[in-house]
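Remarks on the structure that follows.
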Amino acid sequence: MRDSFEIFNLNKDTATKDELYTAYRAAIADYEFKRFEPGEVGTEACEKLDEFKKYYNDCKQSIDVREAVNTQKATDEQYYKSADTQSYFTGGNAYNRSSNSQSSSYGAAADFNSVSALIKKSDLDSAQKELNSISGRTAEWHYLQSVIYYKRHWTAESKQELNLAVEMEPTNPKYSSAYRKMSAQGAQNGNGSYTYGSGQQGGEKRSYQADDWDNYDNRRSYRNESDYRRGSSTNTACNCCTALCCADTCCECMGGDCITCC
Amino acid sequence: MFGYVNIDRPNILFKDYNLYKAYYCGLCKTLGTRYSLKARFSVNYDITLLTLLAHNFQKTECQIAHERCIAHPVGRKFCVVQNDAVQEIVADINIILGWYKLCDNVIDGETKYKAVKAVFAREFKKANARLPEVAEAARFGYERQCKMEERAKSAPMDNEAAIKAYVLRLSAPFSEIMVAAGIAACKSADDGLKRLLHDLGAWVYIVDAADDLYEDTKNKKFNPFNREGQVLTDGFKAIIKNIAFETLSLLEHNIRCEYDAMDITVAEGCLSNVIYLGLSAKREEVLSRIGEEKIKKPKLR
């Protein structure tokens, strides 16, 4: 990430998103036109564009993290200030996020334990709800959020949250080792860290990737019986919808129209 | 031995199937080299599961080579797990357990197995010398089971709960045998493994009882689900099916929980398939034809 900032000639700690954007546009201005040239020139230009895009995304992410950390620090400061002045019962300006802000910081440790227990049970919706109710966005909070995203196979979001956790507490071994494992897995996947598409990744469910981030994630092969021992699939929604589309197409061929809007 | 603990063949990935067969073939070869040619006939899939678990606990990755199969003399070579210390122990356990099963059959009155016993006497003597504690546990277990079955012949079959309770009690000696085998095979057997094997033993006993219900009623042999003079009516079959289903599901659930807590690094796919899918598949198959005659179906590819 340091290299990315150097390429755009920006300062890592003070660059804003606008500055980054102008620097990025300036850097790729030349290559954007060369892109459509045939032969070597064109391919080289495309490669350069991809490279710059990667650096840009890196920097943007880093700035996001820095801003998130700063806002978190600011809100925490506000919270503790208001706690000193005994005005937190009135809600305070910084703590309009959730309704049970009063109990959040005192019950924080207990809440994290309950969230991780729910995650272990694979009850992700309740875990997410519980996590949302905790208003103190500490490193542990981001770590647990990244675990929930990871279990939902949203690797990009999971990595983002893990980044935040690592940035907040760089000395914590749990977060940094999880981060290392995650980036190693990302490299294995072969598409870098930019899987900007949430949702399940195809064949991952059925094949087991040796991954020992297994404190929270016990992904074993054949774990979900329903994936394998399916009964007759003639009544799924997909079959019904497909059948209707086919019927509509045939109808339109004959001159009628079953589904008028398509 | 019994052949109930197996993979779910329609729902296994080929890489896992290949590895599973490799372990099975490895055992066959080990039995051949360690004992004799005829000992190879005793290889079965139940003991393959034990090999897989044992390799896990000793954390030994196997070496695989391509070798010929004596049962398939022409054609390609197959993947076979090379011999190692773990496999040798499991081979010994296999001989011992097979021997005591033969003894049990002879006591039950099937005299044809006396000849088989005579054939395997020398192998058993060797195995007995190598693993005396397993032999003793097996002998004691089968003896206890015999006595319990004698007493259970007169037990009342009033309500479902009572039947479930004593069926589980009857399976206890067999579970103990399984646990003893597991402790011998896996060097650092912990409580989780013992519980898993205990429940697996109970599962095998009950599935075997459900499977043999028809034959035992016909031949007037003891079956935990049946009594002297009981006729296999449809209503009775439905009740037994329900009892068996509940007990087996509970045992499967326990096994699954124990397995989840284990640290599996070697042959994870095969083990997971057996435990998550294989047991349920076998249970469903057996319960669908409970109380009916066994028809030999052609095996899937």
MRE, 222 nm, helices only [DSSP H, n ≥ 4, -39500 (n - 2.57), over chain B, to nearest 500]: -22000 deg cm²/dmol
Within 10 Å of each Cβ in B:268-277, the average number of Cβ atoms from other chains: 4
Summed side-chain charge close to B:H55 - residues other than B:H55 whose Cβ falls under 9 Å, Lys, Arg +1, Asp, Glu -1: -1
Nearest-ten-degree value, helix B:234-261 long axis tilted from longest Cα axis of chain B: 40
Order by protection proxy (mean Cβ within 10 Å, highest first), peptides B:148-160, B:175-187, B:282-294, B:259-271: B:175-187, B:259-271, B:282-294, B:148-160
Local electrostatic count, B:V86, Cβ distance below 12 Å [Lys/Arg +1, Asp/Glu -1]: -2
Between 0 and 90°, nearest 10: helix B:160-185 axis offset from chain B longest Cα axis: 20
Protection-proxy order for peptides B:212-221, A:155-164, B:272-281, each taking the mean of Cβ atoms within 10 Å per residue, highest first: B:272-281, A:155-164, B:212-221
Net charge of Cβ neighbours under 13 Å - reference B:N128; Lys, Arg +1; Asp, Glu -1: +1
Isotropically averaged projected area of the protein assembly as shown, using the convex hull of Cα atoms (one quarter of hull area), nm²: 41.5
Projected label distance in nm at B:R76 and B:I239, using a 7 Å step from Cα toward the beta-carbon: 5.4
Pairs beyond 22 Å (Cα-Cα), from B:K164/B:K221; A:K17/A:K159; B:K15/B:K194: B:K15/B:K194
10 Å Cβ neighbours from other chains, averaged over peptide B:87-94: 0
Residues B:E61 and B:V106, FRET efficiency given R0 of 41 Å [Cβ-Cβ distance, rounded to 0.05]: 0.50
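Values in this text are rule-based calculations from the coordinates and carry no lab data. Since the structure is predicted, the reported quantities are computational estimates derived from the model, not experimental observations. We place every Cβ from the backbone using ideal geometry, glycine too, and count neighbours over all the protein chains shown.
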